[in-house]
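The values are calculated or read from the model by the stated rules, or taken from the named source; none is laboratory data. Quick caveat: nothing in here was measured; it's all calculated off a predicted structure. All Cβ positions, even for glycine, are placed from backbone atoms using ideal geometry, and neighbour counts span all protein chains on display.
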Amino acid sequence: MFGKVLIANRGEIALRVARTCRELGIGTVGVHSSADADPRYLRHFDETVHIGPAPGARSYQSIPAVIEAALQTGADAIHPGYGFLSEDPDFAEVCATQGITFIGPRSEVMSELGDKSSARRIMRAAGLSLLPGSVEPSPTVEHARATANDIGYPVIIKASAGGGGKGMVVVNGDAELDEGYQRARRTARVVFGDERVYLERYLAKARHVEVQVLCDGQGNGVHLGTRDCSVQRRHQKLIEEGPAPALTPATADAMATAAVAAATKVGYSGVGTFEFLVDDRQNFYFMEVNTRIQVEHPVTEMITGVDLVREQLLVAAGHPLAITQQDIALTGVAVECRVNGEDPARDFVPTPGTLDRFDVPGGPFTRIDTHAFAGYVLGPHYDSLLAKVVVWAPDRETAINRMDRALAEFDIAGGGVATTIPFLRQVMAEPEFRKAEHDTGLVERMRANQQEVAQ
């Protein structure tokens, strides 16, 4: 096992990884930018290193700064968390050249699966169904228009190097294509440094379902069930639950089996998430692979009892999987809500500020993953996530009621910071959601109804 792991991230995920490292007796190195110079969670690391100024490109996304911190502290492995450098194959390759273990898949595997166009090509060859669209990037608007006319509107334009719901544009007709194509390319260039985009048919009423896989790169792989991530704003997740409701056992099993088969075929190692769209006839279509730990990984941990970060560390250290598919049993239902410093009434715009109060809920089967505290400064430089509330219950109705109770107990105030808590509670009460009849358009429908009422 590793002697010391540098965690190349910040906030709740950095603290989450550090806790499992401590349980395994592994030393930890935390890194921070100037904007994160004094958060309390850094006290949970054995060492800390300042890696640069506030902008992420000059600190958390700076490969030279992170590598230098690892070399200075003698870290023999780097855990990237999610976001920042977690899906950067160049970073994984540099780690390897420096003799540092990257806790994730090999650089070449990450490169193949991280690019959405090549991932679609690989998964089609592996037998997974894809939505009609362009497997290769569309280099011109004329090519995009020909593809759209071929598959039919509406279409969604996505960044080939994208992730996290960024760089997606829905186009409903030919008159919108030019502007949508150029907007998607601009966003892709700014956010990902890669302006390539591709098209696929847009399913207006679909469920977003993902499968958690765990592989050791030695031919062994398992899945840990499904999660539903259909409650989204701007293609970014707000609520996740597992197992995914409204899936037939046959569909869930077929989806999970296909994900494991595809992952082992490409020599995947570590944790990964295969994301699918599911239509109202239970047909499922591959979207993308996330080659890292997910924000919503606690949902899977709650229903399986498996510490996914621990398994990441063991696999990265060269251990074969110690668990088989028969060892994994899904028990009960878990729901996760992301508490963001955003104002739902203003299209979820971030609301930076200093928290005067930050009192978290408790109670049975209630988990809070957070790095925030009273006095914490929610700055403008990074993601607005303040906490993740995760609950478990024997059944879905009880889990939803428990989540509503936990959200009601949360007390966050001060500095002009608004949160998503009121809107999350509205979703908990929404009949569509409670009956598991919702899809990825739920949030837009709810906001449209609220605006009509307000008028």
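Here is a check on your reading of the model: is residue 8 of a type in the set (A, V, I, L, M), in contact with a Pro (Cβ under 9 Å, 6 or more places away or on another chain) and not assigned by TED's automatic domain parsing to the domain that holds residue 382?
Details: of a type in the set (A, V, I, L, M): yes; in contact with a Pro (Cβ under 9 Å, 6 or more places away or on another chain): yes; not assigned by TED's automatic domain parsing to the domain that holds residue 382: yes.
When the stated conditions are applied, residue 8 passes them.
Working only within the range 411-448, note down all residues that are over 23 Å from the mean Cα position of the chain (by Cα) and within 19 Å of residue 359 (Cα to Cα).
Matches in the range 411-448: 411, 412, 413, 414, 415, 416, 417.
Among the listed residues 272, 267, 332, 318, which satisfies the condition of being in contact with a helix residue (DSSP H, G or I) (Cβ under 7 Å, 6 or more places away or on another chain), surrounded by fewer than 22 Cβ atoms within 10 Å (Cβ to Cβ) and farther than 30 Å from residue 359 by Cα?
Details: 272 fails: surrounded by fewer than 22 Cβ atoms within 10 Å (Cβ to Cβ); 332 fails: farther than 30 Å from residue 359 by Cα; 318 fails: in contact with a helix residue (DSSP H, G or I) (Cβ under 7 Å, 6 or more places away or on another chain).
Only one candidate qualifies: 267.
So is residue 297 within 30 Å of residue 76 (Cβ to Cβ) and crowded, with 22+ Cβ neighbours inside 10 Å or not?
Values: within 30 Å of residue 76 (Cβ to Cβ): yes; crowded, with 22+ Cβ neighbours inside 10 Å: yes.
So residue 297 passes the test.
With surrounded by fewer than 18 Cβ atoms within 10 Å (Cβ to Cβ), among the polar types (S, T, N, Q) and at pLDDT 95 or above as the only criterion, which of 97, 28, 20 stands out?
Only one candidate passes the filter, namely 97.
Can you tell me how many residues in the range 440-455 are modelled with pLDDT of 85 or more and in a helix (DSSP H, G or I)?
Here is the first cut: in the range 440-455, the residues modelled with pLDDT of 85 or more are 440-449.
Next, only the ones that are in a helix (DSSP H, G or I) stay: 442-449.
Looking only at that region, the number is 8.
Among the residues of the range 25-52, which ones are over 25 Å from the mean Cα position of the chain (by Cα), outside any strand (DSSP E or B) and of a type outside the set (Gly, Ala, Ser)?
Answer for the range 25-52, where residues must be over 25 Å from the mean Cα position of the chain (by Cα), outside any strand (DSSP E or B) and of a type outside the set (Gly, Ala, Ser): 26, 38, 43, 46.
Looking at residue 188, is it in the same structural domain as residue 280 (by TED's automatic domain parsing), buried (at least 19 other Cβ atoms within 10 Å of the Cβ), among the hydrophobic types (A, V, I, L, M, F, W, C) and not in a loop (DSSP other than H, G, I, E, B)? Can you show your working first?
Values: in the same structural domain as residue 280 (by TED's automatic domain parsing): no; buried (at least 19 other Cβ atoms within 10 Å of the Cβ): yes; among the hydrophobic types (A, V, I, L, M, F, W, C): yes; not in a loop (DSSP other than H, G, I, E, B): yes.
No, not satisfied.
Only one of these conditions is not met by residue 363: (1) touching a strand residue (DSSP E or B) at 6+ places or on another chain (Cβ under 6 Å); (2) farther than 30 Å from residue 92 by Cβ. Which number is it?
(1)
Here are 109, 135: which of them is modelled with pLDDT of 90 or more and β-branched (Val, Ile, Thr)?
On the way: 135 fails: modelled with pLDDT of 90 or more.
After ruling out the rest, the residue left standing is 109.
So that you can scan it fast, the table gives a plain yes or no per residue for (1) in contact (Cβ under 8 Å) with a residue 12 or more places away in the chain; (2) out of contact with any Ser or Thr (no Cβ under 9 Å at 6 or more places or on another chain):
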position	(1), (2)
377	yes, no
383	yes, yes
411	yes, yes
417	yes, no
426	yes, yes
440	yes, no
452	no, yes
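Looking only at the range 331-355, which residues are aliphatic (A, V, I, L, M) and more than 24 Å from residue 450 (Cα to Cα)?
Step one: filter the range 331-355 for residues aliphatic (A, V, I, L, M), giving 333-335, 339, 345, 349, 355.
Matches in the range 331-355: 333, 334, 335, 355.
Given the condition modelled with pLDDT under 95 and in contact with an Asp or Glu (Cβ under 6 Å, 6 or more places away or on another chain), answer yes or no: does some residue in the range 288-298 qualify?
Checking the range 288-298: at least one residue is modelled with pLDDT under 95 and in contact with an Asp or Glu (Cβ under 6 Å, 6 or more places away or on another chain).
Checking residue 147 against (1) more than 20 Å from residue 7 (Cβ to Cβ); (2) at pLDDT below 95, only one condition comes out false. Which one?
So residue 147 meets the others, but not (2).
Where in the range 222-316 are the strands (runs of 3 or more DSSP E), entirely inside, with at least 2 residues that are touching a residue at least 12 places away in the same chain (Cβ under 8 Å) and either among the hydroxyl-bearing types (Ser, Thr, Tyr) or under 19 Å from residue 131 (Cβ atoms) (or both)? Full working, then the answer.
Values: elements: 236-242, 269-278, 284-290.
Qualifying strands (runs of 3 or more DSSP E): 269-278, 284-290.
Conditions first: (1) under 22 Å from the mean Cα position of the chain (by Cα); (2) hydrophobic (A, V, I, L, M, F, W, C); (3) closer than 25 Å to residue 432 by Cβ. Residue 345 passes all but one, so which condition is the exception?
Unmet condition: (1).
Only one of 352, 361 is over 19 Å from residue 209 (Cβ atoms) and touching a helix residue (DSSP H, G or I) at 6+ places or on another chain (Cβ under 7 Å). Can you tell me which?
361
Could you list, ordered by first residue, the pairs with Cβ atoms under 6 Å in which the first is in the range 163-179 and among the basic types (Lys, Arg) and the second is not in a strand (DSSP E or B), at least 6 apart or interchain?
166/191
Checking the structure you have, find out if any residue of the range 114-137 is closer than 30 Å to residue 91 by Cα and in contact with a Gly (Cβ under 7 Å, 6 or more places away or on another chain).
yes
Out of the strands (runs of 3 or more DSSP E) lying entirely within the range 75-182, which hold 1 or more residues that are basic (Lys, Arg)? Lay out the reasoning, then the answer.
Values: elements: 77-79, 155-159, 169-171.
Ranges flagged: 155-159.
Looking only at the range 285-294, count every residue that is touching a helix residue (DSSP H, G or I) at 6+ places or on another chain (Cβ under 6 Å) and surrounded by fewer than 22 Cβ atoms within 10 Å (Cβ to Cβ) and tell me the total. Talk me through it step by step, then tell me what you get.
Applying the first criterion (touching a helix residue (DSSP H, G or I) at 6+ places or on another chain (Cβ under 6 Å)) to the range 285-294 yields 286, 288-289, 291.
From what is left, the residues that are surrounded by fewer than 22 Cβ atoms within 10 Å (Cβ to Cβ) are 288.
Matching residues across the range 285-294 total 1.
Quick one: is residue 187 within 23 Å of residue 82 (Cβ to Cβ) and of a type outside the set (Gly, Ala, Ser)?
yes
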